[in-house]
Amino acid sequence: MRITSALVDPALLDLPWSTPLTEWPAEHLVALPQGISRHVVRFVRLGDYVYAVKETGERVAEREYDLLRALERIGFPTVEAVAIVADRQSDDGEPLDPVLITRHLQFSLPYRALFSHTLRLETMQRLLDALAALLVRMHLTGFFWGDCSLSNTLFRRDAGAFAAYLVDAETGALHRSLSNGQRGEDLEIAQVNIFGEALDLQAAGLLHDSIDPEVVSAEVVRRYQRLWHEVTYEQQVEREARHDIEGRIRRLNELGFDVAEIAVSTIDDGRYLVRPKVVDVGYHCRRLLRLTGLDAEENQARRLLNDLDAYRAECYPIDEQQAAHRWLTEVFEPVVRAVPAHLRRKLEPQEIFAQIIEYKWLLSERAGRDVGMAPAVQSYLADVLAHRPDEQAVLGGAIPTAG
């Protein structure tokens, strides 16, 4: 027996590797919901973790192991590859298939198991959004799945959010980028697989009467196409159309994507071409601290960075560090200084600025145009901040007043 492992766990040696997976005794197994698989799959508990063990060919196992490890390194939402066990033999000396071991994602369920129960319409829509977002993230990464299905996708609730995870990468391939043809092929495979599994559930009487298999499979593709367009299209904006850029960023945030930076190029008639670069959540606190020295909560950091990126796109496509310095001195600090001394104990500066950005957005939406920062600041101070209790009183601690 030969074990190739990214995570050394001596307990792996105690499993009955000389026995075919179909004959493993119940004492080693954990009963968990699972989807349809072309291979034998069993779940086992070792210490505090549950692992999925899949029998497959050696070359297939090695390829999938390498792909899962590569996806893990770039932070893609997938299960964690743990080990390959090869050169297995039965007690009689007969060769046994190698196995691929992955760590089971805690508190997750296969999409197939979720669709096997009564789903509220709102829940199903959020599940489809999560699956479409997974496919978009995958294609942005350059990953061709080739086998998206209700069985090969896990769903997990995470602090109120819905997230989808890739389980099986056996048919996948990681490229520098995907062509439209490759994306279209992957979508077609996904639609056919989802339609087929939904029909299977319907035939078994496990699918709710209100769910139409054809509609569900087509809806995943429709939501993918909408999201892909929003994430990737180049937007033409006027030089002073900062409000349009902010709106684009907000739509991406609502769809579950954060914006790392905005690429801007000029066109002949003086307008800009704007294309955002999207990233996973959790990026912004570090970027804001690196660029400006401001320490903020994640949602605060997102709003401040969105404003910084819109400022950079509106004014001139300059170096990111230079733009951050100018934004700090020309936008953030003047706004903070505009707060009268007697109001500065209401909220911390980053929160005040974040709320002003939101307030300015609402005013601009009502007016149908960008109302400008100065009027928004004065209106916010008079109509909102002045009526808030001091944060010092709420927290019960002394907060120093800025000079």
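Quarter the surface of the alpha carbon convex hull of region 160-234 and you get the mean projected area, 7.3 square nanometres. Simple spin-label estimate for Gln225 and His387 gives 4.6 nm between the two label positions (7 Å along the Cα-to-Cβ direction from each Cα). Each peptide in 307-314, 187-194 receives the mean, over its residues, of other Cβ atoms within 10 Å, and ordering these scores from highest gives 307-314, 187-194. Volume of the convex hull of region 1-143 (Cα atoms only), normalised per residue: 127 Å³. A DSSP coil position with no more than 11 other Cβ atoms inside 10 Å describes none of the chymotrypsin sites (Phe, Trp or Tyr not before Pro) in region 2-105. Summing charges over all other residues whose Cβ lies under 12 Å from the Cβ of Ala31, with Lys and Arg as +1 and Asp and Glu as -1, gives +2. Near Trp361, once Lys and Arg are set to +1 and Asp and Glu to -1 for all other residues with Cβ below 9 Å from its Cβ, the sum equals -1. To the nearest 0.05, how large is the calculated FRET efficiency for Arg250 and Asp92 if R₀ is 51 Å and r is the Cβ-Cβ distance? For Arg250 and Asp92, the calculated efficiency is 0.20.
Once you have a ≥ b ≥ c as the square roots of the Cα gyration tensor eigenvalues for region 78-190, tell me rounded if a/c is under 1.5, and otherwise prolate or oblate according to whether a/b is larger than b/c. Taking the square roots of the gyration eigenvalues as a ≥ b ≥ c, region 78-190 is oblate. Be a star and scan region 87-107 for residues whose amide nitrogen sits under 19 Å from the point 7 Å along the Cα-to-Cβ vector of Glu62. Counting only backbone N, you get 87-89, 95-102.
For region 1-102, the share of accessible area belonging to carbon and sulfur comes to 48 percent (1.4 Å probe, ligands and nucleic acids excluded).
Using the Cβ-Cβ distance between Thr4 and Asp209 with R0 set to 41 Å, the FRET efficiency from 1/(1 + (r/R0)^6) comes to roughly 0.30. When Glu80, Glu230, Glu348 are compared by accessible area of protein heavy atoms, the largest-first order is Glu348, Glu80, Glu230, using a 1.4 Å probe. Under the simplified labelling scheme, the Ser179-Thr22 pair shows an inter-label distance of 4.2 nm, with each label point 7 Å from Cα along Cα→Cβ. Rounded, prolate or oblate for region 126-194? Axes are the square roots of the Cα gyration tensor eigenvalues, ordered a ≥ b ≥ c, and the cut-off for rounded is a/c under 1.5. Here region 126-194 falls in the prolate category.
With +1 assigned to the C-beta of every Lys and Arg and -1 to the C-beta of every Asp and Glu, and no other charges, what is the dipole magnitude of region 1-67 about the Cα centre in debye, to the nearest 20?
The calculation lands at about 200 debye.
Of interest is the spacing of the C-alpha centroids, which for region 127-146 and region 71-98 amounts to 25 Å. Count Lys and Arg as plus one, Asp and Glu as minus one, and take only other residues whose Cβ is under 11 Å from that of Phe332; the net charge is then -1.
The values are calculated or read from the model by the stated rules, or taken from the named source; none is laboratory data. Everything numeric here is computed off the predicted structure, so don't read it as measured data. In this analysis, Cβ positions are derived from the backbone assuming ideal geometry, glycine residues included, and neighbour counts consider all displayed protein chains. Areas reflect the complete protein model, heavy atoms only, side chains present, ligands, DNA and RNA absent. Shrake-Rupley method; radii C 1.70, N 1.55, O 1.52, S 1.80 Å.
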